[in-house]
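Trainee: Dropping a structure here in structure tokens format, bear with me for questions.
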Amino acid sequence: MKNKPKELRKGNFQDEPEWRRINYEIINSIASEYDGTLIIPMTIINESYYHEIITRLRSEGHRIDHYVLGASGETLVRRGRTRLCFGNSWSVRQIPHCLSGFENPVFENQIVTDGLSVEQIIDFLAARSNLDLLPDHANPLQKWLRRRKVQLRHIRMIGAQ
């Protein structure tokens with residue numbers, strides 16, 4: 001978005017047609033060349049955007065197991081704080097929109113994640129998609145450090161989306 005003149009930018013990056021086109025093209029390209037499982041964490045709450053990306057990928061013959069990792073607004077705010085998203089930040093402002101958007105039947109494959117650990121969610125998704133996971137031989141400290149590294153990568157800077 002920063003490459004576009006300010007007067008052409010949308011308020012939400014997903015409203016940018018380029019964002020949807022690029023995501024479709026990247027996923028399609030990788031899925032066409034790679035014979036493994038792709039896990040793509042992406043929040044899509046607009047039904048037409050869902051069809052532009054997910055339905056189109058399915059129509060191209062790609063297997064898509066789409067899941068909505070749902071949670072209460074309180075849980076989403078708490079999780080956002082771990083990424084330093086507070087108060088009136090962009091991601092916090094999106095929570096009510098996401099919660100209402102996920103009421104759409106196209107997003108019916110929801111997993112309520114309140115109170116679940118990351119490991120429990122991973123195990124649930126793997127079982128639901130019939131995937132065999134490799135064992136995680138990391139010790140508790142390594143797992144903790146790995147999780148902190150992921151959290152740091154997802155910190156949103158003030159003014160950034």
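Trainee: With each label point set 7 Å from Cα along the Cα-Cβ vector, what nm distance links R79 and L131?
Mentor: My value for the distance between the label points is 1.6 nm.
Trainee: Pick out, in residue order, every one of the GluC sites (Glu not before Pro) in region 64-161 that is DSSP loop and has at most 13 other C-beta atoms within 10 Å; say none if there are none.
Mentor: Values: sites: E74, E103, E108, E119; in loops: E103, E108.
Listed in order of number, the matching sites are E103, E108.
Trainee: Kindly list the residues of region 17-31 that lie in the label zone of K4, defined by a backbone N under 19 Å from the point 7 Å along the Cα-to-C-beta vector.
Mentor: Of the residues in region 17-31, 17-26 have backbone N under 19 Å from the label point off K4.
Trainee: How large a share of the accessible area of the chain, in percent, is made up of carbon and sulfur atoms when the probe is 1.4 Å and the other protein chains stay in place? If you can, show how the numbers build up before the last one.
Mentor: Working: 6400 of 11490 Å².
It is 56 percent, rounded to a whole number.
Trainee: Also, I was wondering about something else. Among (1) 49; (2) 29; (3) 11, only one was calculated for this model; which label is it, if the read-out is percent of Cα pairs over 28 Å apart?
Mentor: Computed from these coordinates, percent of Cα pairs over 28 Å apart corresponds to label (2).
Trainee: Let me know the whole percent of all Cα-Cα pairs from region 15-85 that are separated by more than 19 Å.
Mentor: The answer is 43 percent, as a whole percent.
Trainee: Loop by DSSP (not H, G, I, E, B), at most 10 other beta-carbon atoms within 10 Å: where is the longest site-free stretch of the chain for trypsin sites (Lys or Arg not before Pro)? Walk me through the intermediate numbers first.
Mentor: On the way: sites that count: K2, R63.
The segment 64-161 is the longest one with no such site.
Trainee: I've got another one for you. Given only helices, namely DSSP H runs of n ≥ 4 each adding -39500 (n - 2.57), what is the per-residue ellipticity at 222 nm of the chain, to the nearest 500 deg cm²/dmol? Numbers along the way, then the final one.
Mentor: Details: 7 runs with 71 residues, N = 161.
Rounded to the nearest 500, it is -13000 deg cm²/dmol.
Trainee: Keeping every protein chain present and rolling a 1.4 Å probe, give me the accessible area per residue for region 1-142 in Å².
Mentor: 68
Trainee: Here's another thing I want to ask about it. Please give every one of the aspartates and glutamates within straight-line cross-link reach of K6, meaning a C-alpha to C-alpha distance under 20 Å, and leave out same-chain neighbours fewer than 8 residues apart.
Mentor: D15, E16, E18
The values are calculated or read from the model by the stated rules, or taken from the named source; none is laboratory data. Just so we're clear, the structure is a prediction, and the values are computed from it rather than from any experiment. Cβ atoms come from the backbone with ideal geometry, glycine included; neighbour counts cover every protein chain shown. Protein only, heavy atoms only, side chains kept; ligands, DNA and RNA dropped before computing areas. Shrake-Rupley method; radii C 1.70, N 1.55, O 1.52, S 1.80 Å.
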